[in-house]
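The values are calculated or read from the model by the stated rules, or taken from the named source; none is laboratory data. Everything numeric in this text was worked out from a predicted model, so none of it was measured. Positions of Cβ are backbone-derived with ideal geometry, glycine not excepted, and every protein chain shown enters the neighbour counts. Keep in mind that these areas ignore ligands, DNA and RNA; they rest on the heavy atoms of the full protein, side chains included. Shrake-Rupley method; radii C 1.70, N 1.55, O 1.52, S 1.80 Å.
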Amino acid sequence: SPFSSLKREMRNLSEECNLEPVTVSMAYVYFEKLVLQGKLNKQNRKLCAGACVLLAAKISSDLRKHEVKHLIDKLEERFRFNRRDLIGFEFTVLVALELALYLPENQVLPHYRRLTQQS
């Protein structure tokens, strides 16, 4: 796919910034959801990839504050975009993913109960 090289970049950069594999996995899931939603184009796909990595790192609390700044520097340098655009796009991604990230308890609980009662 045209996005596999981009995912490789996401992984390489994440490794350089010492992000955990679980964080990279989350970034991939976000990225793939955006692809499926048809949100990506030639202009924004690098911003998309960068914002996904940044969000995953923040949400998994993989980074301390100065490390987040370092990650943003690396993203800016690797994907050649402006950090202002990245921060703006982070919000776009967050809005696109919001329902996938945060599921209300009442949607999860019935399944959870069913599963734990069976075992």
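I'd like to check something: does the stretch 84-105 contain any residue that is surrounded by 11 or more Cβ atoms within 10 Å (Cβ to Cβ), not in a helix (DSSP H, G or I) and not β-branched (V, I, T)? The answer is no; no qualifying residue exists. For the stretch 23-31, the criterion of being surrounded by fewer than 22 Cβ atoms within 10 Å (Cβ to Cβ) and assigned to a loop (DSSP other than H, G, I, E, B) is met by no residue. Need the failing condition index for K74 against (1) more than 13 Å from the chain's Cα centre (by Cα); (2) surrounded by fewer than 13 Cβ atoms within 10 Å (Cβ to Cβ); (3) in a helix (DSSP H, G or I), just the number. For K74, the failing item is (2). Would you check which residues across the stretch 33-53 are over 18 Å from F79 (Cβ atoms), free of Cβ contacts under 8 Å to residues at least 40 places away in the same chain and open to solvent by 70 Å² or more (accessible area, probe 1.4 Å) and list them? Scanning the stretch 33-53 gives a single hit, L36.
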